[in-house]
Structure formats: C-alpha cells, structure tokens
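Below is one structure; the comments refer to it alone.
The values are calculated or read from the model by the stated rules, or taken from the named source; none is laboratory data. Since the model is a prediction, treat every value here as computed from it, not as a measurement. Using ideal geometry, Cβ is built from the backbone for each residue, glycine included, and neighbour counts are taken over all protein chains shown. We work out accessible area using only protein heavy atoms, side chains counted, and drop any ligands, DNA or RNA first. Shrake-Rupley method; radii C 1.70, N 1.55, O 1.52, S 1.80 Å.
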Amino acid sequence: MADTPTLTETQKQTLIVALNEHRINTVGELRGIERIFAAIGSPDLTQPMTTAWMYYVTSNSLLTELRRLTPDYPFSSELLTEARARVHTDPSSDRSWNYCWLTLAKIHTDNLIPRFATAQASRSEMWGGRKVRAEEVKQLKDAFVEEWTTALRGMLRYWKTAPIR
C-alpha cells in the first residue's frame, strides 16, 4: 500500500496559491497535485483544484498540450469547443470536479473525433484550392483520426480511475 502523502499547512497553502495563480499548467503537474490532495482528503482543497482544472481547459492549455501530441495533424480547436459545450449541457457533468477529464471523456463517449476529422479533411484550404478525390479526403481524415485518438488516449491515461463523486 502506498504511503499517504503528508503536507505541512505551509506546503498546502503554497500549492493552493500556485493553483490560484495558474503557475501549475500541465495535465501532469495538475494530476500530481490532485493525487496529493485526494490522499489528504481535506475539503478546503476541492475549490482550488476545480478552479485550476477549469482554467487549464478555458485558457487553451489543454488545446496546447493536445497540439504538442499531434504535431503532424494539429488537434482541432473546434472539436474541443464542441466537447466543452456538450459538457456544459450534460446534466451528468456535475459528477466530477475535473473539467479537463469531463471534456476529454466527452470527446471519447460522444465519438467526436471522426466527425471533426472528416470536417477538417474536407476543408478546401487543406488542399490549396485544388480538386480532390474522395479517397484523398478519406486518407487525410484517417490520419487525423489516428493522431487525435492517440493523443486523447494519452491524455486520458492520466486517470487510472474516473475522477467522479
């Protein structure tokens, strides 16, 4: 059994300040703090963590990380915007404090990647204005789907279990 982390009050307050000042801005760093806070189980840690996840997604840090994972076929900002909108209209979204996980899970459960990959691959600007064959669009769509799906799976691996109440 893993040791439960212990923090002094000063260390805890330092982490809360870092979260509130948005100095912790990668999914890995946020997950590390979330694990520590979950082990401590102190209720005063919930709001700073919830706020940090919200900021991480709305400040485009999530998009930036997804795009680092998709260098050949940059992750779609429109897809992420759609997933966020769906999280906001989903009544079951209150099951988690983690807006990042909710957004990534929504992309997965609503199978958004193929639809947005098709839209992206079909854009005329992707082809420099030239006429393209359906097989070319499908080939590009498949490349988007593969790279975006790999990135999504990589991000979701940060959670061994869903962060739900």
For the structure I just gave you, tell me whether residue 150 is among the hydroxyl-bearing types (Ser, Thr, Tyr), in a helix (DSSP H, G or I) and open to solvent by 50 Å² or more (accessible area, probe 1.4 Å). yes
Kindly indicate the residue of the stretch 102-116 that is open to solvent by less than 70 Å² (accessible area, probe 1.4 Å), out of contact with any Leu (no Cβ under 8 Å at 6 or more places or on another chain) and part of a helix (DSSP H, G or I) and also nearest to residue 59 (Cα to Cα) among those meeting that condition. 102
Which one of these does residue 159 not meet: (1) assigned to a loop (DSSP other than H, G, I, E, B); (2) open to solvent by 60 Å² or more (accessible area, probe 1.4 Å); (3) under 28 Å from residue 38 (Cα atoms)? (2)
Just for the stretch 1-15: of the residues that are open to solvent by 60 Å² or more (accessible area, probe 1.4 Å) and charged (D, E, K, R), which one is modelled with the lowest pLDDT? 3
Could you grab the pairs with beta carbons closer than 7 Å, sequence gap of 6+ or different chains, first residue in the stretch 44-73 and modelled with pLDDT under 95 and basic (Lys, Arg), second one crowded, with 16+ Cβ neighbours inside 10 Å and assigned to a helix (DSSP H, G or I)? none
If a residue must be surrounded by 14 or more Cβ atoms within 10 Å (Cβ to Cβ), among the charged types (D, E, K, R) and more than 19 Å from residue 164 (Cβ to Cβ), how many such residues does the stretch 16-48 contain? 1
Against the condition touching a residue at least 60 places away in the same chain (Cβ under 8 Å) and either under 20 Å from residue 96 (Cβ atoms) or part of a helix (DSSP H, G or I) (or both), how does residue 29 come out, does it pass? no
Quick one: residue 120 ticks every box in (1) assigned to a helix (DSSP H, G or I); (2) under 21 Å from residue 29 (Cα atoms); (3) touching a helix residue (DSSP H, G or I) at 6+ places or on another chain (Cβ under 6 Å) bar one, so which box is it? (2)
Among the residues of the stretch 150-164, the number that are among the basic types (Lys, Arg) and modelled with pLDDT of 95 or more is 2
When residue 75 is evaluated against the numbered criteria (1) surrounded by 15 or more Cβ atoms within 10 Å (Cβ to Cβ); (2) more than 23 Å from residue 141 (Cβ to Cβ), which criterion, by number, is the only one it fails? (2)
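Have a look at 134, 85, 121 and point out the one that is free of Cβ contacts under 8 Å to residues at least 60 places away in the same chain and surrounded by 21 or more Cβ atoms within 10 Å (Cβ to Cβ).
121
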Within the stretch 49-66, restricting to residues that are buried (at least 17 other Cβ atoms within 10 Å of the Cβ) and not aliphatic (A, V, I, L, M), the one that is nearest to residue 97 (Cα to Cα) is 53
